[in-house]
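Right, one structure below, let's go through it.
The values are calculated or read from the model by the stated rules, or taken from the named source; none is laboratory data. Just so you know, these numbers come straight off a predicted model, no measurement behind them. Please note: Cβ atoms are built from the backbone with ideal geometry, for glycine as well, and neighbour counts cover all protein chains shown. Side chains are part of the model used for accessible areas, which takes the heavy atoms of the whole protein and leaves out ligands, DNA and RNA. Shrake-Rupley method; radii C 1.70, N 1.55, O 1.52, S 1.80 Å.
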Amino acid sequence: MEKEIVLSRILAQGMIAIVRTENTDQALRVASACLEGGVTALEVTFTVPGAHRAIESLAARYEADGILLGAGTVLDAETARIAILSGARYIISPCFDEATARLCNRYRVAYMPGIMTPAEAVRAMESGADILKVFPANLFGPAIIKAFLGPLPQARFMPTGGVSVENAGDWIRAGAVALGVGGELTKGALTGDFGQVTRTARAYLAAIAAARSAAE
């Protein structure tokens, strides 16, 4: 799948579900619940034991249904390559890594590194980063997006960390192009309530759509 298509689909949906679980089976069940709730962009973090196998399993089971798989918590180029070979269509990192940026550019895979300062944002953009992950976003709140967009109006920002259903609209109205959503979305999985995951996924999508409509 072309990188431009991957990015356009993420931007259209406005969120990426972060799948950070204790094992591969739980990751598969969370992914299924998110898909049922309408969220098709999923990030399997490399803190999940056997994350590359989870990506492979999800790609084999759901890619024909429109799932858009990515890999998260990717700290180096070696892990990024494993993720891409396993089926990841985009790479997300908690911080910027030049070698990972070069590898993603080489294979035309979208790269979304974490940043927290204008200097980090500019360095990542100069290395070809497609979307900048503002992390941990909960330390500052939506105002940081407006602050970044002042000197960097050409940048695309995706806050991650502390993004809830209640404040999702605030982030979108502040200028975020998408949201990275993890614990608030998937916490139902901790008690085996995957139905809650599905309901929360729908609530996030509704909040994003409402905020975008109000801005038109």
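So which aspartates and glutamates pass the test for Lys3, namely a Cα distance under 14 Å, with those fewer than 8 places away in the same chain ruled out?
Here the aspartates and glutamates satisfying the reach criterion relative to Lys3 are Asp130.
Whole number in Å², please: accessible area per residue of region 130-216, 1.4 Å probe, ligands, DNA and RNA not counted.
Ligands and nucleic acids excluded, the figure is 44 Å² per residue.
Leaving out ligands, DNA and RNA, what percent of the accessible area of the chain is carbon and sulfur, probe 1.4 Å?
Accessible surface attributable to carbon and sulfur in the chain totals 52 percent.
For region 16-160, build the charge dipole from Cβ charges (+1 Lys, Arg; -1 Asp, Glu) around the Cα centre, then report which of Gly72, Cys95, Ala51 sits farthest towards its positive end.
Projecting each Cα onto the dipole axis, the largest value belongs to Cys95.
Under a 1.4 Å probe, what is the accessible area of region 70-109 per residue, stated in Å²?
Here the residues of region 70-109 average 42 Å² of exposed surface.
Assigning unit charges at the beta carbon (Lys, Arg +1; Asp, Glu -1) and nothing else, what dipole magnitude in debye, to the nearest 20, does the chain show about its Cα centre?
Once rounded to the nearest 20, the dipole reads 220 debye.
With +1 on each Lys and Arg Cβ and -1 on each Asp and Glu Cβ, how big is the dipole of region 109-216 about its Cα centre, in debye rounded to the nearest 20?
Magnitude of the dipole: close to 100 debye.
Kindly sort Thr100, Thr117, Thr200 by accessible area of their heavy atoms, largest first, with the probe set to 1.4 Å.
Solvent-accessible surface, decreasing: Thr117, Thr200, Thr100.
Arg61: accessible area at probe 1.4 Å, nearest 10 Å²?
Arg61 exposes around 130 Å² with every protein chain in place.
Remind me, what semi-axes does region 66-216 give for its equivalent ellipsoid, largest first in whole Å, using sqrt of 5 times each Cα gyration tensor eigenvalue?
Equivalent-ellipsoid dimensions as semi-axes: 25, 21, 13 Å.
Read phi for every residue in region 177-189 and hand back ³J(HN,Hα) as whole Hz from Karplus 6.51 cos²θ - 1.76 cosθ + 1.60, θ = phi - 60°, with x for Gly and Pro.
8, 6, 10, x, 10, x, x, 5, 7, 9, 4, x, 5
At 1.4 Å probe size, what's the solvent-accessible area of Tyr107? Round to the nearest 10 Å².
100
What figure, in Å² to the nearest 10, do you get for the accessible area of Glu36 with a 1.4 Å probe and non-protein molecules left out?
Surface open to solvent at Glu36 totals about 120 Å².
Mind pulling the per residue volume of the convex hull built on the Cα atoms of region 1-158? Å³ is fine.
Given the Cα convex hull of region 1-158, per-residue volume reads 106 Å³.
When the chain is fully extended, how far beyond the present Cα-Cα distance does Leu75 get from Gln154, taking 0.36 nm per residue of separation?
Here the answer is 25.9 nm.
What percent does the relative contact order of region 51-103 come to when contacts are Cα pairs within less than 8 Å and at least six residues apart?
The normalised contact order for region 51-103 reaches 38 percent.
Ordering Cys95, Cys34 from largest to smallest accessible area (1.4 angstrom probe), what's the sequence?
Heavy-atom accessible area, descending, gives Cys95, Cys34.
Whenever you get a sec, line up Phe96, Phe157 from highest to lowest accessible area (probe 1.4 Å, protein heavy atoms).
Most to least solvent-accessible, the answer reads Phe96, Phe157.
With springs connecting C-alpha atoms under 10 Å apart, model the chain as a Gaussian network and identify which of Ala147, Ala137, Ala88 has the largest mean-square fluctuation.
Looking only at Ala147, Ala137, Ala88, the biggest GNM fluctuation is shown by Ala147.
Could you work out the relative contact order of the chain, using alpha carbon pairs under 8 angstrom and six or more residues apart, expressed as a whole percent?
It rounds to 21 percent for the chain.
Under 14 Å between alpha carbons, and skipping anything fewer than 8 positions from Lys133 in its own chain: which aspartates and glutamates qualify?
Glu43, Asp97, Glu120
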